[in-house]
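These notes concern the structure reproduced below.
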């Protein structure tokens, strides 16, 4: 298969997966828990009906979305308390890992996952072109939650750590 052949359009915008994973990482009590929660959020978001990105707009939107996602990771890590940063990264990694099939196909001509994982990931998608508002609404909600999570983590509340009894 040539690079890019068979590459389907991106699903939920990756920046929304990043926002969800960062939120979950800030609230997780362990790195493993953050990764697992991020992975579960990816599946939950993909199952939710969302925007179908039209092929003719795919490249330009995917690049902007990917760069936005990276910017979000950098901003969250800069704002997050040092003790939460590894959990934040684990949450983001879990929330984004399943979408490595897209750049894998585009850049290397194949997904890094077994075919069964790619088939399952593709089957859970519910996409419609008129649902761009779902992506925008999710981004707004997740950004608001992230601000609250960062504020709570900075004050020691809600960061996944148990308070002394």
**Test set (1) at pLDDT 85 or above; (2) assigned to a helix (DSSP H, G or I); (3) farther than 18 Å from residue 64 by Cα; (4) in contact with a helix residue (DSSP H, G or I) (Cβ under 8 Å, 6 or more places away or on another chain) - residue 153 fails condition number** = (1)
**Request:** Among the residues of the stretch 30-49, write down those that are modelled with pLDDT of 95 or more and surrounded by fewer than 21 Cβ atoms within 10 Å (Cβ to Cβ).
**Result:** 30, 31, 32, 33, 36, 39, 40
**Request:** Quick one: which residue in 13, 26, 52 is at pLDDT 85 or above and either touching a helix residue (DSSP H, G or I) at 6+ places or on another chain (Cβ under 7 Å) or surrounded by fewer than 15 Cβ atoms within 10 Å (Cβ to Cβ) (or both)?
**Result:** 26
**Request:** Output the residues belonging to the stretch 107-132 that are part of a loop (DSSP other than H, G, I, E, B) and modelled with pLDDT of 90 or more.
**Result:** 109, 110, 111, 112, 113, 114
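The values are calculated or read from the model by the stated rules, or taken from the named source; none is laboratory data. Just so it is clear, the structure is predicted and the values come from calculations on it, not from any experiment. No Cβ is skipped: glycine too gets one built from the backbone with ideal geometry, and neighbour counts run over all protein chains shown.
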